[in-house]
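Every read-out reported here was derived from the displayed coordinates using simple, explicitly stated rules and does not represent laboratory data. All values reported here derive from a predicted model rather than from experimental measurement. As a convention, Cβ positions derive from the backbone with ideal geometry for all residues, glycine included, and neighbour counts pool all protein chains shown.
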Amino acid sequence: MSRAPAEVHGSARAPIFRRERTIRFSDCDPAGIVFYPQYFVMFNGLVEDWFTEGLGVPYSDLIMRRHLGLPTVRLEADFTAVSRMGDTVALELGVERLGRSSLALALRCVGAGDEQRMAMRTVIVSTSKEDHRAIPLPDDVRGAIERATAA
């Protein structure tokens with residue numbers, strides 16, 4: 001986990017979770033650059049890792065045992081530079097807003113020299129898997145996010 005400053009949609013942000021990753025063949029199109037939907041897959045994995053490793057709340061338990069849904073309800077993305085097969089990039093996550101049942105995240109992919117490759121803002125909502133309606137974030141999840149953002 002790193003605390004290097006990040007820029008997401010023009011505003012300075014310090015990521016609270018960071019993970020290095022190598023761009024793989026399966027991430028790329030025939031030109032050898034990341035096929036843009038693959039960034040969404042990478043960032044979804046980063047969010048799962050953040051819950052499990054960064055917050056200490058296993059993502060799989062939330063979904064499978066606690067029957068909580070965490071669907072994406074808003075997504076905004078900027079693609080600013082290409083990532084190529086074999087590149088090592090850093091995926092960064094910052095919290096923009098913590099609501100009663102929603103969470104706005106700022107995500108970024110950066111290459112060497114902190115060159116921004118892609119930035120994304122997403123809103124996820126806590127829902128009941130039974131009826132798919134919004135429900136408050138569980139207290140332990142909220143507390144873990146509050147502790148992570150205060151550090």
Give me the net charge of Asp139's neighbourhood, meaning all other residues with Cβ under 13 Å from the Cβ of Asp139; Lys, Arg count +1, Asp, Glu -1. +2
Amide H contacts under 5 Å for Arg117, restricted to residues at least 5 apart in sequence or on another chain and with H modeled in the peptide plane, are Cys109, Val110, Gly111
Which Cα, out of Ser102, Ser26, Met85, lies furthest along the positive dipole direction of region 9-151 (beta carbon charges, K/R +1, D/E -1)? Ser102
Of the convex hull drawn through the C-alpha atoms of the chain, the volume per residue in Å³ is 111
About the Cα centre, and with charges only on the beta carbon of Lys, Arg (+1) and Asp, Glu (-1), how big is the dipole of region 67-123? Nearest 20 debye, please. 280
Starting from a Cα-only point model with no solvent, please compute log10 I(q)/I(0) by Debye for region 77-151 at q = 0.27 1/Å. -1.16
Note to self, the chain gives a 222 nm [θ] from helices alone (DSSP H runs n ≥ 4, -39500 (n - 2.57) apiece, / all residues, nearest 500) of -5000 deg cm²/dmol
